[in-house]
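Bear in mind that the values in this text are calculations on the coordinates, not laboratory data. What you are looking at is a predicted structure, and each value in this text was computed from that prediction instead of being measured. No Cβ is skipped: glycine too gets one built from the backbone with ideal geometry, and neighbour counts run over all protein chains shown.
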Amino acid sequence: MSDSGGIQEEVPSFNKPILILRKVTERQEILKTGLAFLSSLESKDISEKIDKMFKLKNKKYNGNPFGDAKTTDRIVKIINTLDNK
């Protein structure tokens, strides 16, 4: 559970769901993955969303909508090709 936007961007890399304790999120991509659930701060709403998350316990997700975490590798490869010229 979190209200952090940064964590919303990180959880897909770990293939883990997140309960977002907000009415809305600026990161709509995470909602489309099925990894994230928006929840009010009401205990009933939180409980219902946690139940949904546990039902998805072994579900595999299709990548991270915020990137593939390989940017550094790409940059190094480009720099290395420039060094070889």
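Report, by residue number, each residue of segment 51-81 that is in a helix (DSSP H, G or I) and either among the acidic types (Asp, Glu) or within 16 Å of the chain's Cα centre (by Cα) (or both). Those that are in a helix (DSSP H, G or I) and either among the acidic types (Asp, Glu) or within 16 Å of the chain's Cα centre (by Cα) (or both): 51, 53, 73.
Output the residues belonging to segment 34-50 that are loosely packed, with under 10 Cβ neighbours inside 10 Å and assigned to a loop (DSSP other than H, G, I, E, B).
To start, the set of residues in segment 34-50 that are loosely packed, with under 10 Cβ neighbours inside 10 Å comprises 42-44.
Passing the criteria: only 42.
Select from segment 1-33 the residues that are in a loop (DSSP other than H, G, I, E, B) and of a type in the set (D, E, K, R) and write down the one among them that is farthest from the chain's Cα centre (by Cα). Spell out the reasoning first.
Within segment 1-33, the first condition is being in a loop (DSSP other than H, G, I, E, B), and the residues that meet it are 1, 3-4, 15-17, 21-27.
From the residues that got through so far, the ones that are of a type in the set (D, E, K, R) too are 3, 16, 22-23, 26-27.
Working: 3: 12, 16: 8, 22: 15, 23: 17, 26: 12, 27: 9 Å.
Only one residue fits best here, namely 23.
Among the listed residues 28, 8, identify the single one that is touching a helix residue (DSSP H, G or I) at 6+ places or on another chain (Cβ under 6 Å), without any contact (Cβ under 8 Å) to a residue 60 or more places away in the chain and not basic (Lys, Arg).
The match here is 8.
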